[in-house]
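To keep things clear, I will list the structure first and then write my remarks on it.
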Amino acid sequence: MRTWNPEFDRIFAEHVLEGLSRPEKSIPSRYFYDARGDRLFQSIMTSPEYYLTDCELEIFATRGDELARALMTDRSCELVELGSGDGLKTSLLLDALHEHHQDWVYRPVDISDNSLELLEQRLVPGRPWLDFQAIHANYLDLLREFEPGGVRRVFMFLGSNLGNYSSRQAITFLRLIHAAMAPGDAFLVGLDLKKDPDVIRAAYNDAAGYTRDFNLNLLTRINRELDGDFKLDSFEHVPVYDPASGVARSGLRSRVEQNVRVAALDCVFHFRRDEIIHTEISQKYDEVLIGELSSAAGFVVDKAFVDSRNYFTDQVWVCA
Ligand code: AVJ
């Protein structure tokens, strides 16, 4: 596996310092995903309330062949997956392409070397034709390294991962992808749609408590990696959803006024009672929002697939 940027640890410390020093405290959601966070996310994905994975899987399982046909060409191709996912959906697409004699190089890019290894164990056995070339990197940094042209590329960003960005960040990110693309390349993106707010609220507040543990894992991680003394039971997971904007937001509420020392940062952070550490946003989309986003970044929607409940969409975008 190729590691593109080895400085993850230093960057985590910097981001925690920066995020907890702000008047509105926050920690970037990408730090959920250490080995334990990856496992918790797997549990979230199998929880009955978290519909996103099932919906996207349904699209890949029932429309995989159409998806493959929408992406096929007569040139050699690489599939660059930003954030590696669990491999199931990707394997359906790769298998559908293989049936059409389209054996693409598959390059999953992920910040978690742990999940890249799991992915390799899941995908490679039984697929001797698969050229698997994982890249361990922050995909934001890596995207700047792609020279458009040469081999045809299809960038893939599934699972409504885009929703973790604010709309400004999302446009910046989409422009980075656009800049890495040459005419004829494509972008396959999975987006969670607006729907009954209670369905969305339940998805971020599962009864088994996986989402709560997933959020609190950020504090566990600071305790372990940065020698922090967060008391986990003095913080509560608070998910909220605003149907008008489509923003689902998660945070950790301090139940009491308290000071928390993080030794590796040589810092003590003060928390007022009820103060929130913002941990994640998960944007829900509608057609208007998708139109605004795609065109702001220079894309047009070429094909759109939805699941049977109209909860989720996978779309092929091309350069306008
Ligand atoms: C992987 C970013 C799509 O926002 O729904 C799941 C992560 N957070 N439960 C999402 C997540 C809480 C997930 N994404």
Reported set for the range 279-304 where residues are open to solvent by 10 Å² or more (accessible area, probe 1.4 Å) and more than 19 Å from the chain's Cα centre (by Cα) is GLU287, VAL288, GLY291, GLU292, SER295, ALA296, GLY298, VAL300, VAL301, ASP302, LYS303, ALA304
Considering only the range 234-247, state which residues are assigned to a strand (DSSP E or B) and either under 11 Å from THR279 (Cα atoms) or of a type outside the set (A, V, I, L, M) (or both).
PHE235, GLU236, HIS237, VAL238, PRO239, TYR241, ASP242
Restricted to the range 274-288 and to residues being touching a strand residue (DSSP E or B) at 6+ places or on another chain (Cβ under 8 Å) and not in a strand (DSSP E or B), the residue farthest from LEU252 (Cα to Cα) is ASP286
Selection from the range 171-209 of residues crowded, with 21+ Cβ neighbours inside 10 Å, of a type outside the set (Gly, Ala, Ser) and within 11 Å of the ligand (Cβ to nearest atom) yields LEU191, ASP192, ILE200, TYR204
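Yes/no matrix, rows are residues, columns are (1) in contact with a strand residue (DSSP E or B) (Cβ under 9 Å, 6 or more places away or on another chain); (2) within 24 Å of GLN42 (Cα to Cα):
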{"residue": "GLU66", "(1), (2)": "yes, no"}
{"residue": "LYS89", "(1), (2)": "yes, yes"}
{"residue": "LEU94", "(1), (2)": "yes, yes"}
{"residue": "HIS100", "(1), (2)": "no, no"}
{"residue": "ASP103", "(1), (2)": "yes, no"}
{"residue": "GLU117", "(1), (2)": "no, yes"}
So, of the residues in the range 210-222 that are within 11 Å of the ligand (Cβ to nearest atom) and of a type in the set (Ser, Thr, Tyr), which turns out to be least open to solvent (accessible area, probe 1.4 Å)?
THR211
Single residue of the range 27-37 satisfying the filter (more than 11 Å from the ligand (Cβ to nearest atom) and open to solvent by less than 30 Å² (accessible area, probe 1.4 Å)) that is farthest from HIS270 (Cα to Cα):
ASP34
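The values are calculated or read from the model by the stated rules, or taken from the named source; none is laboratory data. On a predicted model such as this, the values are computed, not experimentally measured, just so you know. Here the Cβ is made from the backbone with ideal geometry for all residues, glycine too, and neighbour counts use every protein chain on show. All accessible areas refer to the heavy atoms of the entire protein, side chains included, with ligands and DNA or RNA removed. Shrake-Rupley method; radii C 1.70, N 1.55, O 1.52, S 1.80 Å.
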